[in-house]
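Just so it is clear, none of the values below were taken in a lab; they were calculated from the coordinates. In this text, all values refer to a predicted model and were calculated from it rather than measured experimentally. Here Cβ is always computed from backbone atoms with ideal geometry, including for glycine, and neighbour counts include all displayed protein chains.
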Amino acid sequence: MERLQQIASQATASVAPPPPPAHPLDPLSPQEIKAVSAVILEHYKGKQLTFNTITLREPIKRAYYEWKEKNGPAPPRLAYYVVVEKGVNGVQEGVVDVASLTVALSKSTDGVQPILTPHDLQATEEIVRSDPRVIRQCEIVGIPKEEMKNVYCDAWTIGYDERWGASRRLQQALMYWRSDEDDSHYSHPLDFCPIVDMNEGKVIYIDIPNRRRQVSKHKHSSFHPKHVAEKFGTPENPSGFRQDDTPYNVTQPNGVSFKMTGHVMEWSNFKFHIGFNYREGIVLSDMTYNDHGNERPLFHRISLSEMIVPYGCPDFPHQRKHALDIGEYGAGYCTNPLALGCDCKGVIHYMDAHFTDKAGEALTVKNAVCIHEEDDGLLFKHSDFRDDFQTTVVTRGKKLIVSQIFTAANYEYCLYWIFRQDGTIKLEVRLTGILNTFVCGEDEDVGKWGTQVYPQVNAHNHQHLFSLRLDPRIDGDNNSASTSDAASGDGETGSTQNMYGNAFYAKKTVFKTVADSLTNATTTRTWDIFNPSKINKFSGKPSSYKLVSTWASPLLAKEGSLVRKRAPWAAYTTEVVPYRDDDLGYGRLYPSGEHVAQWSGDGSRGMREWIGNGEDKIENTDILLFHTFGITHFPAPEDFPVMPTEIFDLMLRPRHFFTENPVLDVKPSYAKTTTEVKQGLTGTDTCSLNVDKTSRLAFAETSSCCKK
Ligand SMILES: *[C@@H]1O[C@H](CO)[C@@H](O)[C@H](O)[C@H]1NC(C)=O
Ligand SMILES: *[C@@H]1O[C@H](CO)[C@@H](O)[C@H](O)[C@H]1NC(C)=O
Ligand SMILES: *[C@@H]1O[C@H](CO)[C@@H](O)[C@H](O)[C@H]1NC(C)=O
Ligand SMILES: [Cu+2]
């Protein structure tokens with residue numbers, strides 16, 4: 001239910017309008033956030049407000065390209081906000097026009113709750129620790145009152161619990177005990193789960209299992225250097241660290257080969273805008289590739305629009321563990337400040353991120369986005385066998401990496417948007433951090449729903465699934481999409497079509513309607529996004545970007561489960577829907593809906609609404625492609641007490657987009673023609689110059705390994 005209120009003219013706050021942005025897609029500056037919060041305070045005068053969100057309301061696509069490509073006016077600078085009003089349930093939200101400092105729209109939405117902010121998560125622990133009923137439960141499982149300072153909780157979104165629905169703003173507190181404050185608490189989970197009402201600041205209920213389990217008496221398992229020293233230190237090597245590790249330095253004597261103008265990146269023919277918001281984190285927009293002077297559009301917008309981490313233990317209340325981390329916590333809100341030279345290495349350009357704090361002041365996360373280059377191995381090579389492989393071309397590549405890392409309670413998600421010089425765009429996810437754990441009894445068989453990763457520590461099975469949102473613009477606004485399956489030729493061996501039985505081909509099935517686009521991954525499947533009116537002069541096939549994604553686990557929760565209801569996008573590997581702006585300019589951004597926290601999963605919203613009856617036409621028009629990818633995680637002891645990064649990735653490759661290998665113009669590192677070989681000429685050789693003098697040390701001075 002929505003109560004919509006249009007405001008004609010509005011009392012202006014006492015702040016001067018902040019300077020306009022360098023680029024319409026730039027995130028709100030700290031000055032803009034401050035100015036907007038002043039307008040909001042004025043608008044809700046006399047009410048007790050907690051600020052939840054102030055972020056850029058991006059211009060709609062049409063307005064953006066009218067400005068960019070048709071000399072049109074700069075699109076209006078709009079800020080979207082959410083506030084929590086004391087004593088009022090639901091979401092108070094609206095839009096502020098930043099130039100005029102007026103509220104353009106304000107409304108109230110029931111049946112959901114606003115996103116959880118880091119402040120919400122931090123506040124929960126103290127509430128839980130001082131609650132007498134929680135203290136009593138701690139005593140029951142073996143933690144005396146005096147130890148309460150060492151009781152911790154990971155505050156989690158409640159998901160949806162029908163006992164309260166969305167009537168109160170709730171969190172579930174997953175309980176743990178530490179031996180001291182430097183410890184990792186995940187080896188000592190507790191068996192009960194308090195429910196906290198955040199608006200009231202109190203515990204309203206405690207879920208207590210029928211079977212009680214005492215807190216484990218086993219030694220804590222942790223991973224900080226002092227704990228490593230305790231585990232592995234010896235008198236000769238007190239730190240316990242491996243001693244065979246030598247420094248690995250990266251030097252870029254002439255700096256980077258990319259150029260940043262404000263938020264606009266130019267690198268090796270790519271050009272795009274790098275945005276960042278509280279929810280999706282990094283957003284890449286208006287991406288083009290300069291094809292020898294012809295600046296060709298690729299994607300209007302790329303982002304991670306949602307994710308879900310559903311757990312597979314059927315026992316109450318573990319079914320509640322299915323965090324929709326992007327919609328419920330925000331990949332931006334949970335983003336880490338990155339440490340110089342640690343989170344990424346080389347010559348680095350950082351971007352800060354700005355949010356609102358609970359009082360409406362601008363809050364800055366330093367170094368939220370890391371931008372750097374890395375060596376990318378060989379781009380291409382060929383040697384001629386005729387002269388013992390002396391005739392050769394070897395070209396090395398570089399890659400550009402735009403990255404962020406966000407922490408969703410126990411897990412870290414390291415996101416790397418990677419660009420290759422041949423026009424390939426990759427997304428690599430490195431999953432690290434700590435397993436969500438639950439206590440098990442000393443001799444308990446944890447069964448098939450989890451793994452005992454340490455004595456009395458049960459880590460439940462779960463999935464990590466993301467929804468990648470692609471707004472393609474391959475050589476223009478109107479695109480189509482299809483599956484491309486590697487298929488055996490029709491006809492049995494011996495038939496006229498397939499006489500020798502060896503035939504195979506790429507079987508393309510173009511999506512005409514939304515229903516056609518609801519496809520699942522198979523081992524032989526990729527997907528093409530293409531411009532049907534732009535035909536490659538050699539292949540006769542349309543200019544395309546191919547989605548290659550092999551980490552595409554199917555959603556394992558069944559039809560009718562809360563998980564499937566609340567993540568209607570996760571049931572398929574792809575969904576293609578027409579692009580649409582709505583009155584607030586959303587442009588179909590969030591496939592589990594605008595407000596995810598405490599959504600029951602009922603009703604038509606997000607992807608369920610966009611799919612509708614499946615009849616919308618999606619051929620040769622402005623489309624959005626959503627792609628579900630990720631992994632299924634069956635924990636093992638190697639994942640504990642902290643998990644070595646688990647890597648999964650996907651890529652978007654140009655196909656029939658160029659008329660030849662697009663990196664022929666990258667200078668080879670080593671090249672010799674047959675004539676040069678015959679005449680004893682050097683050709684091109686920058687390789688031997690690049691061999692570090694220390695290379696010889698690796699094999700000792702006497703080795704004959706190296707070129708003279
Ligand atoms: C390489 O990096 C290490 C730090 O990791 C530093 O101590 C050392 O001086 C560097 N060496 C060179 C040759 O730059
Ligand atoms: C894809 O998987 C879903 C279950 O997640 C199933 O309902 C649907 O029928 C499958 N679609 C196709 C085309 O196989
Ligand atoms: C794109 O498709 C729409 C129909 O979906 C059509 O109205 C429009 O003219 C097309 N634009 C171009 C440039 O082909
Ligand atoms: Cu996992």
Response to the item:
If N is the residue count of the stretch 336-421, its Cα Rg over 2.2 N^0.38 Å rounds to 1.67
Worksheet item: What's the center-to-center distance, using Cα atoms, between the stretch 28-46 and the stretch 64-136 in Å?
Response: 12
Item to complete: Just rank Tyr278, Tyr416, fewest to most, by other beta-carbon atoms within 10 angstrom.
Response: Tyr416, Tyr278
Practice prompt. Give me Cys153, Cys313 ranked fewest to most by other Cβ atoms within 10 Å of their Cβ, as a rough exposure proxy.
Written response: Cys313, Cys153
Discussion item. As a quick test, which of the pairs Lys68/Lys537; Lys61/Lys366; Lys345/Lys426; Lys381/Lys507 have an alpha carbon distance above 26 angstrom in this structure?
Written reply: Lys68/Lys537; Lys61/Lys366; Lys381/Lys507
Fill in: Square roots of five times the Cα gyration tensor eigenvalues for the stretch 541-623, Å
24, 19, 11
Fill in: More than 24 angstrom apart: percent of Cα pairs within the stretch 505-643
41
Response to the item:
A correct Kirkwood calculation over the Cα atoms of the stretch 461-565 returns a hydrodynamic radius in Å of 16.6
Worksheet, complete the sentence: Placing one equal point scatterer on each C-alpha of the stretch 225-310 and summing with Debye, one gets log10 I(q)/I(0) at q = 0.12, 0.13 Å⁻¹ equal to -0.69, -0.72
Response to the item:
Among trypsin sites (Lys or Arg not before Pro) in the stretch 659-694, those in a DSSP loop whose Cβ has at most 16 other Cβ atoms within 10 Å are Lys693
Fill in: Cα pair distances exceeding 25 angstrom across the stretch 283-402, given as percent
56
Worksheet entry | With eigenvalues of the C-alpha gyration tensor scaled by 5 and rooted, the stretch 103-258, Å | 38, 29, 12
Worksheet item: Across the chain, how large is the tail of the calculated P(r) beyond 33 Å, expressed as a percent of all Cα pairs?
Response: 56
Item to complete: Let me know the shape class of the stretch 404-443, please: from the alpha-carbon gyration tensor, a ≥ b ≥ c as square roots of the eigenvalues, rounded when a/c is under 1.5, otherwise prolate if a/b is greater than b/c, or oblate.
Response: prolate
Item to complete: Could you pull out every one of the lysines with an alpha carbon less than 22 Å from that of Lys321, ignoring same-chain neighbours closer than 8 positions?
Response: Lys202, Lys448, Lys558, Lys565
Item to complete: Before rounding to the nearest 500, sum -39500 (n - 2.57) across all DSSP H runs of length at least 4 in the chain and divide by the residue total; then give [θ] at 222 nm in deg cm²/dmol.
Response: -3000 deg cm²/dmol
Worksheet item: At q = 0.16, 0.23 Å⁻¹, what is the log10 ratio I(q)/I(0) for the stretch 262-352, with the Debye formula run over Cα points and no solvent?
Response: -0.83, -1.14
Response to the item:
HN-Hα couplings for the stretch 302-314 via Karplus (6.51, -1.76, 1.60; θ = phi - 60°), in whole Hz with x for Gly/Pro, come out as 10, 7, 8, 9, 6, 8, 9, 10, x, 9, x, 8, x
Worksheet item: trypsin sites (Lys or Arg not before Pro) within the stretch 536-645: which are DSSP loop residues with at most 10 other Cβ atoms inside 10 Å?
Response: Lys537, Lys558
Worksheet item: Taking only the alpha-carbon positions of the stretch 49-136 and ignoring solvent, what does the Debye formula give for the base-10 log of I(q)/I(0) at q = 0.13, 0.19, 0.20, 0.23 Å⁻¹?
Response: -0.61, -0.94, -0.99, -1.11
Worksheet entry | Translational D in µm²/s for the stretch 475-532 (Stokes-Einstein at 4 °C, 1.567 mPa s, Kirkwood Rh from C-alpha pairs) | 99
Worksheet entry | Semi-axis lengths (Å, descending) of the ellipsoid that matches the C-alpha gyration tensor of the stretch 436-504 | 50, 28, 7
Worksheet entry | Sites matching trypsin sites (Lys or Arg not before Pro) across the stretch 22-56 that sit in DSSP coil, with at most 11 neighbouring C-beta atoms within 10 Å | Lys45
